[in-house]
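Please read the structure below before turning to the comments.
The values are calculated or read from the model by the stated rules, or taken from the named source; none is laboratory data. As the structure is a computational prediction, the values presented were derived from the model and not from experiment. Here the Cβ positions follow ideal geometry from the backbone for every residue, glycine too, while neighbour counts run over all protein chains shown.
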Amino acid sequence: MIDHETFERLVDEALESLPEEIAAWLDNVAIVVEEWPTPQQLARAGLGPRQMLFGLYVGVPKIRRGARYGETVPDQIFIYRQPIQRFYRTPDQIRAQVRRTVLHEIGHHFGLDESQLRSAGV
């Protein structure tokens, strides 16, 4: 098991690995590490209570932001520690999945849908 602080460092490591031109486009988004998704977050993702969710993007994708966007609260990317650790066992597997999950949710922030992200291998 990886403790919460170490897991947060893995998320930071994934963010630091982003190319500068991608990182520069991240704005008004908070990355939050949580232990588990809430029932509401699972429902938002279209999942049932026993299904796994590694990450969730909540907000307005950049391609849909209009002139009134400045009046909204920051978008959020949730990364869920316990589901990732339940499914992936070794530190290397966990690190790789954290990075994949961070990239996947950032893709949603930029407006990519699930099929586009899967096609890109994320």
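Observations
- The residue of the range 47-98 that is modelled with the highest pLDDT, among those that are farther than 13 Å from Ile31 by Cβ and of a type in the set (Asp, Glu), is Asp92.
- Residue in the range 72-81 that is in a helix (DSSP H, G or I) and within 16 Å of Ala14 (Cβ to Cβ) present: yes
- Residue under evaluation Pro49, criteria (1) closer than 25 Å to Gly121 by Cβ; (2) touching a Leu at 6+ places or on another chain (Cβ under 9 Å), criterion not met: (1)
- The set of residues in the range 27-60 that are touching a Phe, Trp or Tyr at 6+ places or on another chain (Cβ under 8 Å) and free of Cβ contacts under 8 Å to residues at least 24 places away in the same chain comprises Val58, Val60.
- Members of the range 27-47 that are surrounded by 12 or more Cβ atoms within 10 Å (Cβ to Cβ) and part of a helix (DSSP H, G or I): Gln41, Leu42, Ala43, Arg44
- The set of residues in the range 1-26 being over 13 Å from the mean Cα position of the chain (by Cα), part of a loop (DSSP other than H, G, I, E, B) and touching a residue at least 12 places away in the same chain (Cβ under 8 Å) consists of Met1, Ile2, Ser17, Leu18, Trp25.
- A search for C-beta distances below 7 Å between a residue of the range 93-109 that is without any contact (Cβ under 8 Å) to a residue 24 or more places away in the chain and any residue that is surrounded by fewer than 23 Cβ atoms within 10 Å (Cβ to Cβ) and in a helix (DSSP H, G or I), counting only pairs 6+ apart in sequence or on different chains, returns Gly107/Leu117.
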